[in-house]
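The values are calculated or read from the model by the stated rules, or taken from the named source; none is laboratory data. Nothing here was measured: the structure is a model prediction, and the numbers come from that model. Methodologically, a virtual Cβ is constructed for each residue, glycine included, from the backbone with ideal geometry; neighbour enumeration extends over all protein chains shown.
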Amino acid sequence: MPILSRRLRPSLAWAIPAVLALAAGCGRQDDAPDTQAPAFSASSGQVQPARANAVTYYAAARFADQVSFGATPALIADIQARGFEGWIDSQYALPASIIDTSPIVNYDSQIPALGHQAYQYAHRQLYASFLNAPDQLRRRVSWSLSQFIVTAINKIEPYGGLSYSNFLQRHAFGNYGELLRAVTMNPAMGIYLDNLQNRPTTDECKWCAPNENYARELLQLFTLGVVKLNLDGSIQRDAAGKPAETYSQKDVEELARALTGWRIDGDYDRTDYRRYDKELIPDPWRAAHDRGAKNVLGRAFPAGVEARQELDAIVALLMGHQNIAPFVALRLIQHHVTSDPSPAYVARVAGVFRSSSGDMKSVIKAVLLDAEARQGDQAGSGGAQAGKMREPLLWYTGLLRGMGCKRQLNWSDGNLMNSSQSPFDPASVFSFYMPTDRAPGSNILSPEQRLLNASELSWRLQNGIAEGARAAGGDCNAAEFERAFRSSPAALADLVNERYFRGAMPAVLRQNLIELAPSTWGNTPAEKAISLVQFALATPYYGVIR
């Protein structure tokens, strides 16, 4: 059921002003942490205080926010035991987790009930992967890639969305150039951005016409951007002080010509979705590919070259361009660490991209282990502009993983409870937000803030979450929070502090939770406990990852 059709529970309507009031105190990094934070012990399922020079609980939980879909006690303990780089290496050693697409490989999407079932299956499987996949770092990186190398279920069908998710899983730790080559030959992308319809107009096919959609987005959204960049991501300008354009319309047209001539490998009935699982192949019909000479970004492409060889030349051209290193660096930093990184941080990561020829494992380490990424590992030590808004999907998965949930929650009518950021289904190729989006009234980059509106805040306080977590039974550990609530409001506040706030919950929020406990919504202690969790997580103290 659509989120907006749900009404905010009346007894928490007062919570929105309270949450907004707390926001006024969250603009600074120096909010006093709760000095009553519990000591973690092995007997309570937590790790012992870190040894000198080891990874602290706070630092490990903060790192978990950057590399996973939400911190859990087990993940935090594993990071502490291995150290940051050791944990990354252990993730690199894991095989890619892949979603089983076979249950929806054949169905008629024109029958609404079957289409709805396929859509529900895709969402259940995506959330199960976000919540449970052991390769959390790969899963988080592939999610990041999906937000700027975009396809959408609304055009490629639920099966296509799952197939594309699996595709990104396989390529997330590879080479960026190889990813570009593979995504050009990916059926989901070929359908989504119409490159399968890209044919030259010739005497043999007077009704054919080049389609520029994929060529344009390959340049603008996947690799280079519209203005020339320095290594640190700053904009290069011409003699008149205007931003220097990266490419022209003529470059798009010429690139589209070079990208003509691809087709699905095999012939499939409309209801057979296996067509998404193979690579595209060059069309054997010679008129499908433009073999004329071309010039893209100042590089001459000779005549008489086949589609596959032209693709190799395109990838080499893009990977050698000055823009691609800072372009990719900024996006990975924004998705994992901070929305508005310093130019020096971008330059360091871009330098690794360039020196490693786009090796994603090297680049990911550079993003996560950089001094700017780790400077906030002690509570209160990050800069005032450090961090990023917790986008809706990460807020929801963080809530669920912190509660030990193994699956997505359901509304009481049986429909899946989705966040307002539907995975692998943005409204357009520009994704859910643009990396250049800024916080209102400022020059600070804050792309995710575009999604944080009154509707999203209402969703975070929906009573269905508490009902769903209770109804999930063994698939969620709501009982742990119920026991703490039954013990005392302070005990619940301490558990929420430990699980979601790295043991450093601001004192004002802890006191608010204790004071709100007697009047919070809920028909059972479990629902009351989860309502208080929701209130805490709806505040900017949790909504901003620092």
Quiz item: Which of the residues that make up the stretch 506-519 are in a helix (DSSP H, G or I) and either in contact (Cβ under 8 Å) with a residue 40 or more places away in the chain or not acidic (Asp, Glu) (or both)?
Solution: Ala507, Val508, Leu509, Arg510, Gln511, Asn512, Leu513, Ile514, Leu516, Ala517, Pro518, Ser519
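Could you please let me know if Ser339 is in contact (Cβ under 8 Å) with a residue 12 or more places away in the chain and either in contact with a Pro (Cβ under 9 Å, 6 or more places away or on another chain) or β-branched (Val, Ile, Thr) (or both)? Don't jump to the end; show me each part of the working.
Working: in contact (Cβ under 8 Å) with a residue 12 or more places away in the chain: yes; either in contact with a Pro (Cβ under 9 Å, 6 or more places away or on another chain) or β-branched (Val, Ile, Thr) (or both): yes.
It is true that Ser339 is in contact (Cβ under 8 Å) with a residue 12 or more places away in the chain and either in contact with a Pro (Cβ under 9 Å, 6 or more places away or on another chain) or β-branched (Val, Ile, Thr) (or both).
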Self-check item: Residues of the stretch 520-537 satisfying the condition of being of a type outside the set (Phe, Trp, Tyr), in contact (Cβ under 8 Å) with a residue 40 or more places away in the chain and either out of contact with any Phe, Trp or Tyr (no Cβ under 9 Å at 6 or more places or on another chain) or assigned to a loop (DSSP other than H, G, I, E, B) (or both)
Solution: Thr520, Gly522, Thr524, Gln534
Exercise. Give me a count of the residues in the stretch 254-270 that are in contact (Cβ under 8 Å) with a residue 24 or more places away in the chain and touching a helix residue (DSSP H, G or I) at 6+ places or on another chain (Cβ under 8 Å).
Key: 9
Exercise. Consider Leu330 carefully, then state whether it is closer than 16 Å to Tyr176 by Cβ and more than 21 Å from the chain's Cα centre (by Cα).
Key: no
Exercise. Quick one: which residue in Asp269, Asp265 is more than 30 Å from Ser234 (Cα to Cα), assigned to a loop (DSSP other than H, G, I, E, B) and in contact with a strand residue (DSSP E or B) (Cβ under 6 Å, 6 or more places away or on another chain)?
Key: Asp265
Practice problem: Run Leu399 past the list (1) assigned to a loop (DSSP other than H, G, I, E, B); (2) under 17 Å from the mean Cα position of the chain (by Cα); (3) of a type outside the set (Lys, Arg) and report the number of the one that doesn't hold. | Solution: (1)
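Kindly evaluate Glu212 against the criterion of being touching a Lys or Arg at 6+ places or on another chain (Cβ under 9 Å) and in contact (Cβ under 8 Å) with a residue 40 or more places away in the chain. Quick ask: steps written out before the conclusion?
On the way: touching a Lys or Arg at 6+ places or on another chain (Cβ under 9 Å): no; in contact (Cβ under 8 Å) with a residue 40 or more places away in the chain: yes.
Judged against the criteria, Glu212 is not a match.
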Quiz item: Cβ-Cβ below 7 Å, separation at least six or inter-chain, first residue in the stretch 169-184 and not assigned by TED's automatic domain parsing to the domain that holds Leu255, second assigned to a loop (DSSP other than H, G, I, E, B) and among the β-branched types (Val, Ile, Thr): which pairs?
Solution: Gln169/Ile98; Val183/Ile149
Quiz item: Take the residues of the stretch 466-505 that are under 29 Å from the mean Cα position of the chain (by Cα) and not in a helix (DSSP H, G or I): which is nearest to Asn415 (Cα to Cα)?
Solution: Ala472
Exercise. Specify which of the listed residues (Gly380, Gly414, Gly404) is among the small types (Gly, Ala, Ser), over 22 Å from Tyr433 (Cβ atoms), touching a strand residue (DSSP E or B) at 6+ places or on another chain (Cβ under 9 Å) and surrounded by fewer than 23 Cβ atoms within 10 Å (Cβ to Cβ).
Key: Gly380
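Here is a yes/no grid of residues against (1) farther than 27 Å from Leu75 by Cα; (2) surrounded by fewer than 18 Cβ atoms within 10 Å (Cβ to Cβ); (3) not polar (S, T, N, Q); (4) not assigned by TED's automatic domain parsing to the domain that holds Leu400:
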{"position": "Leu461", "(1), (2), (3), (4)": "no, no, yes, no"}
{"position": "Arg470", "(1), (2), (3), (4)": "no, no, yes, no"}
{"position": "Arg483", "(1), (2), (3), (4)": "no, yes, yes, no"}
{"position": "Tyr500", "(1), (2), (3), (4)": "no, no, yes, no"}
{"position": "Leu509", "(1), (2), (3), (4)": "no, no, yes, no"}
{"position": "Asn512", "(1), (2), (3), (4)": "yes, no, no, no"}
{"position": "Ser531", "(1), (2), (3), (4)": "no, no, no, no"}
